[in-house]
Structures are given as structure tokens and as C-alpha cells.
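The values are calculated or read from the model by the stated rules, or taken from the named source; none is laboratory data. Remember, predicted model here, so these are calculated numbers, not experimental data. Cβ placement follows ideal geometry from the backbone for every residue including glycine, while neighbour counts extend to all protein chains displayed.
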Amino acid sequence: MGHLNLKTLLNSKEKYKGFVLRQSRFVENQDIKRIEVEIIPRANSKGKCSTCGTIGATYDHLPEREFIHVPLWGISVILLYCMRRIDCSKCGVKVESVPWSDGKSPLTISMMWHLSEWAKLLSWKSVSEKMKVSWHQVFTSVSFVVNWGRSRMDLSGITALGIDEIFWGKKKCATVVYQINNHRKRLLWISEKRTKESINSFFDWFGNERSALVVFICTDMWKNFLTVVKERAPQALNILDRFHIVKKINDAIDKVRNQETKELKKKGHDVELKNSRWALLKRPENLSDKQSSKLSDLLSCNLKTIKAYLLKEEFNYFWQYTSATWAAKFLKSWTTKVMRSRIEPMKAVAKTIRNHQDLILNWFEAKGELHLGAVEGLNNKLKSSIRNSYGIKTFKVLEVMLYHRLGDLPASEEAHKFF
């Protein structure tokens, strides 16, 4: 056991009012290396009640406790302190609160912020391995930081919302609400289910005054989303999300392709549509050489699937219009053509578009105020975060991780002391 004076170094990063770093030492025992730092109360100081914050005289001391601090040079740093019990005039005998710790956590507050910053860059498993802490301690740290940030969120200036559902785990569904203003895009809310109650719970949290200031709300075509938005923010312009409109068309093409493949297989001619899914669904500019060649071959065939594909490509012109009037004429022409095509899955899409035409055309009132792919972009970040998190098993873990990664939460100065 050797002696190492780190007081100057530690004091340069953070000082604890009312407490003194007495001594430090380097401890090496077989494969374990750590730096231990003893903390004592400053002479004649009194402790603070952990329940109400009242200053009180010392009642007695508890056994020495270890607090895991931010490591130095890859070596664990442990703060050692005997917690005092305080004779509080309001609460009775209570354990004191100390500035470097939050409750019963074995991690210092600085360590929790440090772990949470790394958890934005790496999976929680990787952070736990590199920092020599448990996965649960990483989760606890991120939860602490998320709770700190969400209690201090700035919710002013929110005039555009995006509401959507996400799928995670084994066919589990959750509802997410984003802020999608051009100046700021972030996750505001996540709820475990996809119900009217889950959307109402967001508006309850958001508050009636803020809801009344919302100008645009982007959703999909789910009836419950549309109903709650109309009830809770009737002044807002409800816009149907572009991604979901395109997805419905793609789903219809896939259905046509599957049906036609089965029919051709019975006749022994299924080779034309074999391995054609992504050649038909991806944007032409995103196709590989092989997929482009496949698409060229398909376009020479007189198939329902190709007719559906050409209708999909024609619909893409809709997004290039700048006038709602001309866009409405295009929709009328396009849906009429689809209804005459006798391709049932595409006809179902055309009926849906006709039923929601007013909400689709609202895009043209929002142009310049919103980015067409705002919700889709945030969803892609969300899906990437879930994939990179490896094995999320509970909604609570999902909720904490997504708020941490996508919530754009405020951070304490503690976050940058050691990072």
C-alpha cells in the first residue's frame, strides 16, 4: 500500500462545501488497483437532513461507506466517508445528505454524469465493461440524468408536434411524440401503449396552455390519433405524415406482388417476380446495379405488379407541387386512374387517400414551416438507438434510453467536469 496525494487534483475539479479531503492512497491487491480518498466533515460543521434539508447536530456516525468516483488513468477512485445521522428538529434522527451523492447510490453524482455521457456514445454493456461497473449502475446513472433533465426541460416555443407509433422487442408497440419545429427536433414523450389514453396522457403532461399554442401536428391515419388531436388541440393544423402515405402505397404493391407471384407459380411462370421486392419498393436512385437490371426486366412485362409500381412512381410527383389547388387536381386524377386499374390493393389505398385528402393537402399550408421528413428522420434515429442498445427487455429501459439519446435534455455542469 503506497501513499499518493491527489487532494490538489481532486479539489481542482470539485470541492464539497463543509467537507475536507483528508488523505489519499493507492491500493494494489493482486489484480485490483484503486485510489482511496478519505473525506471528513470540516471542523465544527453540522450536517443537513436528507429529508427536509434542515441543518442539525450530529447524533452518531454510521460505518464507513464507499462511493465510486470517476476513474483516473483507468484506475478506480473510491471516496470513503462515515455518514452522520442528524438530529433534525423537524424529522427526528435522519441520515445526512452529502453533496457528492444522491441517496443510497454507491456512485457519486459526478460518476453518474460521466457514465451517462459515455452511454450516449456506446451501448450500456460496453460502458459497464470499460468503466468496471455493473449494467444496472449504468442504467441507474442514465435514469438519474434523465430525471434531472426532464424536470428542467424548456417547453417554450413548441408549435409543431409529430405523433407516431414505434415497434420494439417482440411486436411491442409504443407511442412517441416529437417536437418537429425547424429550429429544434427532439423526443418529448413516450408511452407504453398505442391508445387514445396514451395520447391524452401526453396532452395532460404538456398542459392546455401549451397545447393551445401548437400550430401543426403531424400524425398517421390512425383514427384515435386524429380524434384526440382534434379534441385536445383543435386550432392546430393536422397533417398526415408523408412516410405513412408512401408506406401504404408500398404495402399495396407488396400485396399485389405476392398475389401475382402465387398466380404465376401455379402457371409455372413465377420467375419474373422472383427476388423483385426491393427493386419495386426502393426509390430508383437508391437501387443497386443488380436491382436496376431486375427492374428494367420487369418493366418489359405486362404484369399487375408493374402497373402498381408505375402508379406509385407517378404519385411521387404529388410532393413536387407548391399549390394545394393543383395538388388536389393531381390527387383527383391519380385516384381516378387507380380506381379504374382494377388492382384491388391499390384501389384500397386510393379510397384511403380520398377519405383523408384534406389532411394530406394540409402539407401545403405547412411548407416552409416544417420539413416533410421530420418525423421519419427522428424515427430512424430512434430505431438506430434501439438496435445499438442490444437486448432491451422492459419498457422502462426503452423509455430511459430514448429520452437520453433523443430528448435533447439540459445537462448539469457535472456532465463536463470529467468528460
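To keep it simple, each residue is scored yes or no on (1) assigned to a strand (DSSP E or B); (2) within 15 Å of V397 (Cα to Cα); (3) among the aromatic types (F, W, Y).
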site: S126; (1), (2), (3): no, no, no
site: H136; (1), (2), (3): no, yes, no
site: F167; (1), (2), (3): yes, yes, yes
site: Q179; (1), (2), (3): yes, no, no
site: V214; (1), (2), (3): no, no, no
site: M221; (1), (2), (3): no, no, no
Could you list all residues from the stretch 105-139 that are of a type in the set (S, T, Y) and more than 17 Å from A411 (Cβ to Cβ)?
S105, S123, S126, S128, S134
Single residue of K367, K347 found to be charged (D, E, K, R) and either exposed (fewer than 15 other Cβ atoms within 10 Å of the Cβ) or touching a Pro at 6+ places or on another chain (Cβ under 8 Å) (or both):
K367
Return yes or no: is S296 small (G, A, S), at pLDDT below 75, within 39 Å of the chain's Cα centre (by Cα) and in a helix (DSSP H, G or I)?
no
If a residue must be closer than 15 Å to N355 by Cβ and assigned to a helix (DSSP H, G or I), how many such residues does the stretch 231-248 contain?
3
Go through the residues of the stretch 110-119 one by one and say whether even a single one is acidic (D, E) and under 32 Å from the mean Cα position of the chain (by Cα).
yes
Can you confirm whether V77 is hydrophobic (A, V, I, L, M, F, W, C), in contact with a Pro (Cβ under 9 Å, 6 or more places away or on another chain) and at pLDDT 90 or above?
yes
Any idea how many residues of the stretch 207-225 are at pLDDT below 90, surrounded by 14 or more Cβ atoms within 10 Å (Cβ to Cβ) and either farther than 16 Å from N362 by Cα or touching a Ser or Thr at 6+ places or on another chain (Cβ under 9 Å) (or both)?
4
From the set of residues in the stretch 344-360 that are among the aliphatic types (A, V, I, L, M) and at pLDDT 90 or above, which is nearest to L240 (Cα to Cα)?
I353
Residues being loosely packed, with under 14 Cβ neighbours inside 10 Å, in a strand (DSSP E or B) and without any contact (Cβ under 8 Å) to a residue 40 or more places away in the chain: count how many of those fall in the stretch 59-76.
5
Right, R42: under 18 Å from L21 (Cα atoms) and either of a type in the set (F, W, Y) or free of Cβ contacts under 8 Å to residues at least 24 places away in the same chain (or both) or not?
no
Considering the stretch 165-179 alone, what residues qualify as being farther than 20 Å from N388 by Cβ and surrounded by 14 or more Cβ atoms within 10 Å (Cβ to Cβ)?
E165, C173, T175, V177, Q179
